[in-house]
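What follows is a single structure, written as structure tokens, with notes after it.
The values are calculated or read from the model by the stated rules, or taken from the named source; none is laboratory data. These numbers were taken from a predicted model, which means no experiment stands behind them. No Cβ is skipped: glycine too gets one built from the backbone with ideal geometry, and neighbour counts run over all protein chains shown. Only protein heavy atoms, including side chains, enter the accessible area calculation; ligands, DNA and RNA are left aside. Shrake-Rupley method; radii C 1.70, N 1.55, O 1.52, S 1.80 Å.
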Amino acid sequence: MDFQSIIDGIVAFARENAAWAPVLMFVLAFGESLAFVSLLLPAWGALVALGALIGTSGISFWPVWIAAALGAGFGDWLSYWIGQKLEYRVQHIWPLSRHPDLIPRGEAFMRKWGVPGIFIGRFFGPLRASVPLIAGIFEMPFWTFQLANFASAFVWAAVLLTLGDGISRVLSLWPW
């Protein structure tokens with residue numbers, strides 16, 4: 001079973017069970033934002049696909065948006081905590097050990113950008129996996145990180161859902 005089949009199954013389940021869409025969004029966004037897991041589970045495509053169901057299948061934007069944002073925020077929160085506890089030992093843990101340049105790249109990125117880097121990193125896959133870890137390793141002040149973390153999570157979730165919704169609206173107008 002390939003990843004596209006999994007996404008198709010998730011989208012089909014959400015289409016038929018709209019009440020579960022916020023739970024699915026939370027879990028997918030949490031996994032997408034959690035260090036280690038995000039390298040194995042690139043769920044942003046599923047998040048955009050679920051966004052495409054908004055409006056066309058009766059799924060409400062607000063609960064799905066809040067659930068996705070909270071999932072992303074809590075995933076980064078846990079990644080930050082892992083970075084604080086494990087420090088640089090984290091780069092020797094699989095799957096990060098298979099990507100030896102990820103932590104040094106994340107470190108250079110955070111040194112250059114600081115708090116705005118939390119926002120920027122949220123939107124770029126490899127950085128999304130390492131920025132919260134690096135913030136934890138460098139012991140970025142807890143509340144500074146969390147404010148940037150959750151603010152960026154709400155923006156990120158809105159962008160992905162709106163992108164999916166916009167794509168579905170454009171496709172519905174297309175004369176096939």
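Could you check the spin-label model distance between V159 and K112? Points 7 Å from the Cα along Cα→Cβ, value in nm.
Taking the two extended label points, one gets 1.7 nm.
For the chain, find the longest principal axis of its Cα atoms and tell me its angle to the long axis of helix 61-86, 0 to 90°, nearest 10.
Taking the Cα atoms of the chain, the angle to 61-86 is about 20 degrees.
Helix 3-16 versus the longest principal axis of the chain: what angle, 0 to 90°, nearest 10, using Cα atoms?
In the chain, helix 3-16 runs at an angle near 50 degrees to the longest axis.
Can you compute the charge dipole magnitude of the range 1-94 about its Cα centre, using +1 on each Lys and Arg Cβ and -1 on each Asp and Glu Cβ, nothing else charged? Give it in debye, rounded to the nearest 20.
180 debye
Accessible area per residue for the chain in Å², computed with a 1.4 Å probe and the full protein assembly in place, what is it?
51 Å²
Go through (i) 25, 20, 14; (ii) 28, 18, 14; (iii) 31, 16, 14 and flag the label whose value is the computed semi-axes √(5λ) of the Cα gyration tensor in Å for this structure.
(iii)
How large is the convex hull of the C-alpha atoms of the range 41-144 per residue, in Å³?
Dividing the Cα hull volume of the range 41-144 by its residues yields 100 Å³.
Calculate, in nm to one decimal, what F142 and S97 gain on full extension: separation in residues at 0.36 nm each, minus their alpha carbon distance.
13.6 nm
Can you give me the % of accessible surface on the chain that is carbon or sulfur? Probe 1.4 Å, all protein chains present, nothing else counted.
So the carbon and sulfur contribution to the accessible surface is 71 percent.
Let me check the size of the range 1-100 from its C-alpha atoms; what are the radius of gyration and Dmax in Å?
Looking at the range 1-100, its Cα Rg and Dmax stand at 15.1, 46 Å.
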